[in-house]
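> This is the structure, below, for whatever I ask next.
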2 protein chains.
Amino acid sequence: MKITAVDPIYVKMPEVNTAADGTQDSFLCRVRTDEGLEGWGESDASPLVCAAAYCCPMSHGNIINIRESLLGETLDGPEDVYRLHAKATRLGMDIQQIHHAYSAADIALWDLVGKKLKQPVYTLLDGASAKSFPKRPYASVLFGDTPELTRKLAEKLRGEGFTAAKFGWGPMGKVSRENDIALVREARAGLGPEAALLIDAGVVWGHDWETAHQRAADFAPFKPGWLEEPLLGDAIGDYRKLVTRKPAVPIAAGEGSGRYHDAEDMLLNGGVNFIQIDVGRIGGITPAHRVRKLAEAHNVTYVNHTFKSHVSIAASIHVFASVESFKLLEYVQGGSPMSQTIVADPLLRGPDGLVRAPEKPGLGITMNLDAVRKYLAPVRIDIGGQSVLVPASV
Amino acid sequence: MKITAVDPIYVKMPEVNTAADGTQDSFLCRVRTDEGLEGWGESDASPLVCAAAYCCPMSHGNIINIRESLLGETLDGPEDVYRLHAKATRLGMDIQQIHHAYSAADIALWDLVGKKLKQPVYTLLDGASAKSFPKRPYASVLFGDTPELTRKLAEKLRGEGFTAAKFGWGPMGKVSRENDIALVREARAGLGPEAALLIDAGVVWGHDWETAHQRAADFAPFKPGWLEEPLLGDAIGDYRKLVTRKPAVPIAAGEGSGRYHDAEDMLLNGGVNFIQIDVGRIGGITPAHRVRKLAEAHNVTYVNHTFKSHVSIAASIHVFASVESFKLLEYVQGGSPMSQTIVADPLLRGPDGLVRAPEKPGLGITMNLDAVRKYLAPVRIDIGGQSVLVPASV
């Protein structure tokens, strides 16, 4: 089939605040073909900056926009998705935003190919005989503003049946060492002794691996499964120093990876124990799957990073559904009404509390177009009085 | 003084083609203060995608646009430029394009501080007692379409008095091994035996370090000073394999560095002999100067990458003016009429053929506003009927 339309779509909540809550807006891409099929994808990135990468005028042979790279192209199977990923990132090589922006398109192309071939994405990636293993969803939430509020939040998640939860950002690292410890202690108290507790420091210690090492020791009595992003995403040398000193808690990082090489760098040079990949930043399912393979080869655990809608949760789970040993799934709990409604059939937990990759074709989800329309932020870009982007009709 | 206006400005030639010629358009940033001063900077990046990073609505606390980070801020000295670089890149941490986009702003801030303190940028960077050393400009051009046309081009540059020239992109790597060799042979024949000849392969061999190694051996008889970007900018492991096998010609790379860490990675892990930094991509003068310091510490040669207007040439030379041993300056020769006219007082070669950092305050250049207006591409961005960017009046 041929690609006939590539539409960047910006959706947002009426009010957006500075909390580290990625569900307040989203960048979607809808791709249509001449066979009447359509695929959807989502980036975890600035919607406007991504939209610009779909329509920016050519600067030279290394700055060609995504729509230009895709329109009119052939899309019949996985080999076309790989080919188009290579094409779009090569022609957009000097657009720094290309990977963030292309993520949504790549996911939409996998969705389309799955629909055409009537296969779920995970079998396109890992073969028709690939088996899908259920994942244990960890509720991903921000720390409460105080240790006490954090305990209440943990108790709420426990009441909702979660046996794993991650607390991140908020006051962590910003008040005092005692407050940091109290946040973790109360999270553990609220979750109970059996649950998996994960801590996300939200890059708060920057390059200061020594403080990160100290906090790992401070938090160890509360048995966190990992300490996530204690340092900045590009502080690779500092991650290496930290892990070389054998911190008391395993280290997780990688969500900021905008290119495959960034993840490779974090995994091989940073030396983390868990590599966390956001399928909506690294350029889509295609490079995320490559990172998963690299993680398998190096005995590092692959985990998704996801703080968007169920489009991203679906795209993420297909990447590593077939690997039994990668058991955890980041699962946004309590995101914005928009993030909870734009997918009509979200990936709910089963009776056993686990989440499974959809077996339906493609991503295996259906968009709720009424919700997309409700939260639509129509973008128009004119250059010299000529429109290079007009709002897509949804 | 206080920052009162931050204006992203897009200029372009009427026609833009796919040649690897970065002078066909440009992204400028003009910053104004309450003391009536204004500074200018330039990015080597997609102008529209950069402009979006100046006005994108907030997504959360890690996606805040550049204008928002700068407007109303205090700017009195270099420490403020460093502080604002840290602020804008932290608040824009999840905008992948942030470094490309912020480059122009950072350069404009150095220009402003220099104007306020009445010092050239290189003394702000390296101290009032820093001495400026002249640089040998190498004419940077694209290969001719054939070996014969390449020879004619080389003869022309020789006639213009250049004693160093770089040929890049075009047919290199795209026809045959024999043609690649003929291109280099004829470039050398045209330049004469004494001139410095530099070869830019334009990432054409991708990850194939073995072909790159072979070509280095093929080209060695013609005595090139370096073989530049034989591989993709993020193929760090392949650069390491290449340099470990001691190629017959020194290896140069790094222009694609969008973050300080990318350059660090190329220098320390890639192991190149020359690190080439584009001040208009890496986030401006601030991180470029850090890379220069790193290069000095590791006995690697720092060279600018510049294929834009004289705003970028000026910003580039201030970064390493004070280091006597870094002698070469990439110097665009024969760029578009736009790139040749938007600066009223370009950095011309002196009677000795060398180029010097301006001694006037700031960057030490004056914009030709008539030329900027002539090539202006006014950008308007509306979201939901509300303008987030309207064209700046120049």
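> Tell me, yes or no, whether segment B:365-381 has at least one residue that is within 13 Å of chain A (Cβ to nearest Cβ), open to solvent by less than 40 Å² (accessible area, probe 1.4 Å) and over 20 Å from B:Gln24 (Cα atoms).
yes
> Let me ask something additional. Can you tell me which of A:Glu255, A:Glu296 is within 30 Å of A:Glu359 (Cα to Cα) and open to solvent by 40 Å² or more (accessible area, probe 1.4 Å)?
Step by step, each of A:Glu255, A:Glu296 is checked, and only A:Glu296 is within 30 Å of A:Glu359 (Cα to Cα) and open to solvent by 40 Å² or more (accessible area, probe 1.4 Å).
> Could you list, in sequence order, the residues of segment A:27-64 that are facing another protein chain (nearest Cβ under 8 Å) and of a type in the set (S, T, N, Q)?
Within segment A:27-64, A:Ser46, A:Ser59, A:Asn62 qualify.
> Okay, next question. For a quick check of your reading of the model, give me the residue pairs whose first member lies in segment A:5-26 and is within 11 Å of B:Ile63 (Cα to Cα) and more than 7 Å from chain B (Cβ to nearest Cβ), whose second is aliphatic (A, V, I, L, M) and surrounded by fewer than 24 Cβ atoms within 10 Å (Cβ to Cβ), with beta-carbon atoms closer than 9 Å and at least 6 apart or on different chains.
Taking only residues 6 or more apart or on different chains, the pairs are A:Asn17/B:Met58.
> Given A:Leu157, A:Leu183, which one is in a helix (DSSP H, G or I), within 18 Å of A:Leu227 (Cα to Cα), out of contact with any Asp or Glu (no Cβ under 9 Å at 6 or more places or on another chain) and not β-branched (Val, Ile, Thr)?
None of the other options fit; the residue is A:Leu183.
> Give me the residue from segment B:262-321 that is among the hydroxyl-bearing types (Ser, Thr, Tyr) and under 11 Å from the mean Cα position of the chain (by Cα) and, out of that set, farthest from B:Gln24 (Cα to Cα).
If we take residues in segment B:262-321 being among the hydroxyl-bearing types (Ser, Thr, Tyr) and under 11 Å from the mean Cα position of the chain (by Cα), then B:Ser316 is farthest from B:Gln24 (Cα to Cα).
> Can B:Ser103 be described as of a type in the set (Ser, Thr, Tyr) and in a loop (DSSP other than H, G, I, E, B)?
no
> Exactly one of (1) assigned to a loop (DSSP other than H, G, I, E, B); (2) over 20 Å from the mean Cα position of the chain (by Cα) is unmet by B:Asp382. Its number?
The one condition B:Asp382 does not meet is (1).
> So A:Thr306 clears everything in (1) of a type outside the set (A, V, I, L, M); (2) outside any helix (DSSP H, G or I); (3) open to solvent by 10 Å² or more (accessible area, probe 1.4 Å); (4) in contact with an Asp or Glu (Cβ under 9 Å, 6 or more places away or on another chain) except one condition, right? Which one?
(3)
> Turning to a different aspect of this structure: Within segment A:71-102, restricting attention to residues that are more than 10 Å from chain B (Cβ to nearest Cβ) and over 24 Å from B:Trp205 (Cα atoms), which residue is surrounded by the most Cβ atoms within 10 Å (Cβ to Cβ)?
Per the stated criteria, the residue is A:Leu75.
> Name every residue in segment A:145-154 that is open to solvent by 20 Å² or more (accessible area, probe 1.4 Å), in a helix (DSSP H, G or I) and over 26 Å from A:Gly350 (Cα atoms), in order of residue number.
A:Glu148, A:Leu149
> Here's a follow-up. In segment A:160-180, how many residues are within 20 Å of A:Gly206 (Cβ to Cβ) and part of a loop (DSSP other than H, G, I, E, B)?
8
> Same structure again: Any idea which residue in segment B:258-280 is nearest to B:His99 (Cα to Cα), counting only those that are open to solvent by less than 10 Å² (accessible area, probe 1.4 Å) and assigned to a loop (DSSP other than H, G, I, E, B)?
Only one residue fits best here, namely B:Gly258.
> Considering only residues that are within 14 Å of chain B (Cβ to nearest Cβ) and part of a helix (DSSP H, G or I), look in segment A:221-237 and name the one that is surrounded by the fewest Cβ atoms within 10 Å (Cβ to Cβ).
My answer is A:Gly237.
> In segment A:110-143, what count of residues is obtained for those that are surrounded by fewer than 24 Cβ atoms within 10 Å (Cβ to Cβ), under 15 Å from A:Thr286 (Cα atoms) and hydroxyl-bearing (Ser, Thr, Tyr)?
1
> To continue, here is another question. Could you pull out the residue among B:Arg259, B:Arg215, B:Arg240 that is among the basic types (Lys, Arg) and away from chain A (no Cβ under 14 Å)?
B:Arg215
> Of the residues in segment B:195-206, how many are free of Cβ contacts under 8 Å to residues at least 60 places away in the same chain, in a loop (DSSP other than H, G, I, E, B) and under 16 Å from B:Phe219 (Cα atoms)?
Of the residues in that region, 4 qualify.
The values are calculated or read from the model by the stated rules, or taken from the named source; none is laboratory data. Being a predicted model, the structure only gives us computed values, none of them experimental. When we count neighbours, we look across all protein chains shown, and the Cβ atoms used for this are built from the backbone with ideal geometry, even at glycine. For accessibility, only protein heavy atoms count, side chains too; no ligands or nucleic acids. Shrake-Rupley method; radii C 1.70, N 1.55, O 1.52, S 1.80 Å.
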